[in-house]
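Notes to accompany the following structure.
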Amino acid sequence: MAGRHRLLLENAQQLVLVCNRGEEYLRRDGATTLALLPEASLVVGLDGRITAVGQADVIHNQFSGATFERIIDCSGKCVLPGLVDAHTHPVWAGDRVHEFAMKLAGASYMEIHQAGGGIHFTVEHTRKASEEELFNTFKHRLERMRRAGSTLVECKSGYGLNLETELKMLRVIERAKQSMDIGISSTYCGAHSVPRGKTATEATDDIINNHLPKLKELKLSGEIRVNNIDVFCEKGVFDLDSTRRILQAGKEIGLQINFHGDELHPMKSAELGAELGARAISHLEEISDEGITAMARAKCAAVLLPTTAYMLRLKQPPARKMLEEGVIVALGSDFNPNAYCFSMPMVMHLACVNMKMSMNEALAAATINAAYALGKSDTHGSIETGKQGDLVIINSSRWEHLIYQFGGHEALIDYVIVKGKVVYQNERCGTMSSY
């Protein structure tokens, strides 16, 4: 195939397709056997989409007359889809390193929250920060996520709790969407906590009557395009009725429902999400058996966050039971001041060790299923012709090293590619064995 193309990756030891053509997600049965192509090559076109995938000799012959902006020899290496982080809170000011010591001494999440720490501490600092300051720290965090292999990230607001600061955060996310080579799915999370001086009912009314109409107006003008709506449905925060009202109002202005549920107490959030047609629900450490059944039936993705359960010493979400009952299981880092982890390879490792997922299931959960949780699995999450050329090349002959090497991604990830463009090249990989 003659003509000019953006990128040729040739002679990969393993090309990890993840799934077969056209699959929106993988349930447990599909995730046990990931689609793998040995000794393979891949072409990305000038439009940033994958043009061809196949055996190295076939691609070589097919594109013998073509020119490429870049050719990367992947001999002895593995090519995987770019990782998808389905849940993050990356826009904020004021770290909470001092709270880590409190947690280690036995303070619970809600005890810290009620003592004026937690979300309220971050809200205070985020309200004071300038938009430029928030953008610069956010950009730095996204770059770190990208170096760890994430090419599509869900990014929430939620540390404003008033309209002015929530919009400031959403403008920062929109700016990164327009200016950075990384995919972003933006989420309005104004119901992350009840603001000081308000009741949950008053906060709910404010969101429905003031915040959401403004978001609709800004979406129509093209100024800010928000993808999802989120609520922290939790005892002492937003109850089931307030959560229902906010999510329903968000759905009516075209936002996907993607919310926090059943984390610290059983709230029947999973049942509510299934009823409302939620795209995804996160956390679910305290999900009920009925909630699992409802989510499986509704094809509502469970975004599990092993870092949170690990750092807060909570019981792990019942990943095995969800997988066995046919729930679409996705993963997220939950990057925030309380769970400071950028790395989806480390999240996958924790999912395997602490939640008893297989490596195949964890990779599916961090690629095609995480993309599904964001409504993006038609364009992201697997290596297929027509999909966006978001890829990770690792300096190893077996893809499992990405999960096996806990914290080893900094020497293992060789290239990160977004839309066929190299956005990160690890200079150390050429001189260093990944073993």
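The values are calculated or read from the model by the stated rules, or taken from the named source; none is laboratory data. Treat the numbers as computed from the prediction; the structure is a model and nothing was measured. Glycine gets a Cβ as well: all are built from the backbone with ideal geometry, and neighbour counts include every protein chain shown. Each accessible area value is taken on the protein alone, full model and side chains, heavy atoms only, with ligands, DNA and RNA left out. Shrake-Rupley method; radii C 1.70, N 1.55, O 1.52, S 1.80 Å.
Scanning region 154-189 for residues that are of a type outside the set (Ser, Thr, Tyr), closer than 22 Å to Met344 by Cα, without any contact (Cβ under 8 Å) to a residue 60 or more places away in the chain and open to solvent by less than 10 Å² (accessible area, probe 1.4 Å) gives a single hit, Ala176. If you go through region 243-265 and keep only what is assigned to a helix (DSSP H, G or I) and open to solvent by 10 Å² or more (accessible area, probe 1.4 Å), you end up with Arg244, Arg245, Gln248, Ala249, Lys251, Glu252. Whenever a residue of region 126-141 is more than 17 Å from Ala339 (Cα to Cα) and open to solvent by 60 Å² or more (accessible area, probe 1.4 Å), its partners that are of a type in the set (S, T, N, Q) and not in a loop (DSSP other than H, G, I, E, B), lying with C-beta atoms within less than 8 angstrom and at least six residues away or across chains, give the pairs Arg127/Thr165.
Checked against the criterion of being in a loop (DSSP other than H, G, I, E, B), in the same structural domain as Met102 (by the TED database) and under 20 Å from the mean Cα position of the chain (by Cα), the candidates Ser282, Ser333 yield just one match: Ser333.
Scanning region 217-233 for residues that are open to solvent by 50 Å² or more (accessible area, probe 1.4 Å) and under 24 Å from the mean Cα position of the chain (by Cα) turns up Lys219, Glu223, Arg225.
Of the helices (runs of 4 or more DSSP H) lying entirely inside region 86-138, those carrying at least 2 residues that are assigned by the TED database to the domain that holds Phe232 and farther than 13 Å from Gly158 by Cα are 97-104, 109-114.
Scanning region 341-350 for residues that are open to solvent by 10 Å² or more (accessible area, probe 1.4 Å), closer than 20 Å to Thr137 by Cβ and in contact (Cβ under 8 Å) with a residue 60 or more places away in the chain gives a single hit, Phe342. Answer yes if at least one residue in region 194-206 is open to solvent by less than 70 Å² (accessible area, probe 1.4 Å) and closer than 18 Å to Phe138 by Cβ, and no otherwise. Taking every residue of region 194-206 in turn, none turns out to be open to solvent by less than 70 Å² (accessible area, probe 1.4 Å) and closer than 18 Å to Phe138 by Cβ. Can you confirm whether region 92-112 contains a residue that is buried (at least 24 other Cβ atoms within 10 Å of the Cβ) and in contact with a helix residue (DSSP H, G or I) (Cβ under 7 Å, 6 or more places away or on another chain)? Yes, that holds for at least one residue. The residue that is least open to solvent (accessible area, probe 1.4 Å), among those in region 266-300 that are basic (Lys, Arg) and closer than 24 Å to Leu26 by Cβ, is Arg279.
Contact annotation: residue pairs with Cβ atoms under 7 Å, 6 or more positions apart or on different chains, pairing a residue in region 276-294 that is farther than 14 Å from Val231 by Cβ with a partner that is open to solvent by less than 10 Å² (accessible area, probe 1.4 Å) and modelled with pLDDT under 95, are Glu285/Ala309. Only one entry of Met311, Met357, Met344, Met348 meets the criterion of being modelled with pLDDT under 95, touching a strand residue (DSSP E or B) at 6+ places or on another chain (Cβ under 8 Å) and under 23 Å from Ser150 (Cβ atoms), and that entry is Met311.
Here region 74-91 is the region considered, the condition is being open to solvent by 10 Å² or more (accessible area, probe 1.4 Å) and at negative phi, and the residue that is nearest to the chain's Cα centre (by Cα) is Lys77.
If you take the residues in region 293-314 that are part of a helix (DSSP H, G or I) and among the small types (Gly, Ala, Ser), which one is nearest to Asn354 (Cα to Cα)? If we take residues in region 293-314 being part of a helix (DSSP H, G or I) and among the small types (Gly, Ala, Ser), then Ala309 is nearest to Asn354 (Cα to Cα).
Restricting attention to region 194-228, the residues being of a type in the set (S, T, N, Q) and either in a helix (DSSP H, G or I) or modelled with pLDDT under 95 (or both) number 5. Under the condition of being among the polar types (S, T, N, Q), free of Cβ contacts under 8 Å to residues at least 60 places away in the same chain and either in contact with a His (Cβ under 6 Å, 6 or more places away or on another chain) or crowded, with 20+ Cβ neighbours inside 10 Å (or both), the residues counted in region 1-46 number 1. Residues that are crowded, with 23+ Cβ neighbours inside 10 Å, aliphatic (A, V, I, L, M), in contact with an Asp or Glu (Cβ under 9 Å, 6 or more places away or on another chain) and farther than 21 Å from Val43 by Cα within region 351-398 comprise Ala351, Leu363, Ala366, Ala370, Ala371, Ala373, Leu374, listed in sequence order. Checking region 143-151 against the condition returns a match, with at least one residue being in a loop (DSSP other than H, G, I, E, B), of a type outside the set (A, V, I, L, M, F, W, C) and crowded, with 20+ Cβ neighbours inside 10 Å. Entry remark, region 1-22: residues being modelled with pLDDT of 95 or more, farther than 11 Å from Ile383 by Cα and either not acidic (Asp, Glu) or not in a strand (DSSP E or B) (or both) number 10 in total.
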